[in-house]
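Notes to accompany the following structure.
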Amino acid sequence: MSSLEQLKDISEQALYGLRANDQLKERILSAAEKESGGGKLISVQFSRAPRAMASLCALAAVMVLAFLGLGSLGGDRRETEVKPSTVAAGSRMAESPVSFSAAPNEADTLASELQSLGIAPGEVERISGSGIDEVRGAQACKDLLSLLSSGAEAIVGSLPQDAETLDFLLSDGRVVTVPFEENRIQLVTCWSCPAFFDALRNH
Amino acid sequence: MGFDELYERYATDVLRVAYYYLGDRSQAEDVTQDVFVRLLVNQPALEAGKEKAWLLKVTLNRCRDLWRGAWLKKVVLGHPAFELFPAPDEIGKVAENQALMEAVHGLPAEFREVVLLHYYQGFNVAEIADMLDIAEGTVSSRLSRARARLKKELKGDDSL
C-alpha cells in the first residue's frame, strides 16, 4: 500500500498533466491589469501587441470556461454574461453544439491545451479508444494529431462523465486519457473535429 | 523575485494544491488566478525564501472559502476532464496511489490542509503553523489524527 511519505511522488505523477501554463498566466495578467485599472502593475512588462492579444485570449478563455458550465466563482467569469439557455445542463453536452467563434486563435488555444496534457506532436506512440482500432507509431499519431490541431473548433458545453475515452500512450510510458463522444473531444475546452475522428475511425 | 519568476517557480504548485484540495480543475484555475492577481495588484512585501509559503497560504484561504459552498463538496477527485495513468504494467500500483490520493482528498478540510502542506509540499510543522496561524501542537495533532483516519480509510495500512 502506498505510504504518505510517497505522497509527493505519487501526486506529482498523477497530476503531471496539470500545469500552470502560459494561457493561465495571460489570464492572470489580464485580470490583474483590469483590477488595477491598467496603470499600477509596473513590475509587469508587456509590449503593446502581446498585451492586446493576451486580453483577447483571456477573454476567450473566460467565455469558453463560463460556457462549460463548470461552476465559476472567479471574478472575471462572474462578469461574463452567459445566457442560461446556452449553457449545458449539468455536465451534459448541449443538444445542439454551438460554435464558439469568438476565440481569436483557436489553434493556439488547442495547442496549449494539448501541451498542458503532455500530448505533444511526436511524443504520442499509440492512440486507442472505445470502438476505434488502435493507431500505432509516432508518425501515424502525429499525422492524426495534426488533423486535430488544424481542424478543431471550440464548442459550447462539456462531455458527460460517462463519455467514451481516448488513450494517448506517450513515449515516456504515460497514458493520457481524455473523454470523447462522436466527433467531440474534451480537453480543457470541448472541441469538435470531424476530420480527426473520421481519420481515426478509418485509418 | 518578479512575477514571471514567481509564476514559473510556484504557479503549478499553487494550481495542484488547489486542485488537490477542491478536486475541480476549473475551480483550481480560478484560485490560481485569484492568488496571483492578488500578488500583482497588492504587491505584498514578501520575505525572501517565504514566497511559496505566502502563495500557498493565500491559496488555502481561497480554497477554504470555496469549499464552504455546499455544492462543491459533491465534487470528488477523479471527476476532472482527464485522468492520467501510467503504462499498463503499473496499473496495480496506480490503483493504490489513487486510493491514497482520494483518501487524502476525502479528509476533513483542516486535516487535508496539513497533510498537503507537510507530505505533498514538504513544509515542516513550524512552517505550517506559521502559514495557518495555528499552534505547532495543533499542526502535530492534526497530522496525527489525519494519519489515523487515513489508516482506517485504507483498511489498516501499517505503512502510513
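Read-outs: derived from the displayed coordinates by stated rules, not from any lab. The structure displayed is predicted, hence computed values, not measured ones. Note: ideal-geometry Cβ built from the backbone for every residue, glycine included; neighbour counts use all protein chains shown.
Beyond 28 Å in Cα-Cα separation lie the following of the pairs A:LYS8/B:LYS50; A:LYS25/B:LYS52; B:LYS57/B:LYS155; A:LYS25/B:LYS57; A:LYS8/A:LYS142: B:LYS57/B:LYS155; A:LYS8/A:LYS142.
Applying the Karplus relation 6.51 cos²θ - 1.76 cosθ + 1.60 with θ = phi - 60° to region B:106-114 yields 3J(HN,Hα) values of x, 5, x, 3, 5, 7, 4, 4, 5 Hz, where x marks Gly and Pro. A simple spin-label model places pseudo-atoms 7 Å from Cα toward Cβ; at A:ASP108 and A:GLU164 they are separated by 3.4 nm. Placing dummy labels 7 Å off each Cα toward the beta-carbon, the span from A:HIS203 to B:ILE134 is 5.0 nm. Backbone phi angles across region B:17-26, fed through the Karplus curve with coefficients 6.51, -1.76 and 1.60 (θ = phi - 60°), yield HN-Hα couplings of 5, 5, 5, 4, 5, 8, x, 9, 5, 4 Hz in residue order; Gly and Pro are listed as x.
With one equal scatterer per alpha carbon and no solvent term, the Debye-computed log10 I(q)/I(0) for region A:110-191 at 0.19, 0.20 1/Å reads -0.80, -0.90. Sparsely packed loop sites in region A:134-193 (the GluC sites (Glu not before Pro) outside DSSP H, G, I, E and B with at most 16 other Cβ atoms within 10 Å) comprise A:GLU182.
Averaged over the residues of peptide B:41-48, the number of Cβ atoms from other protein chains lying within 10 Å of each residue's Cβ is 2.
Proximity of backbone amide H atoms, modeled 1.01 Å from N, is registered between A:ALA20 and B:THR12 at under 5 Å, excluding neighbours fewer than 5 places apart on the same chain.
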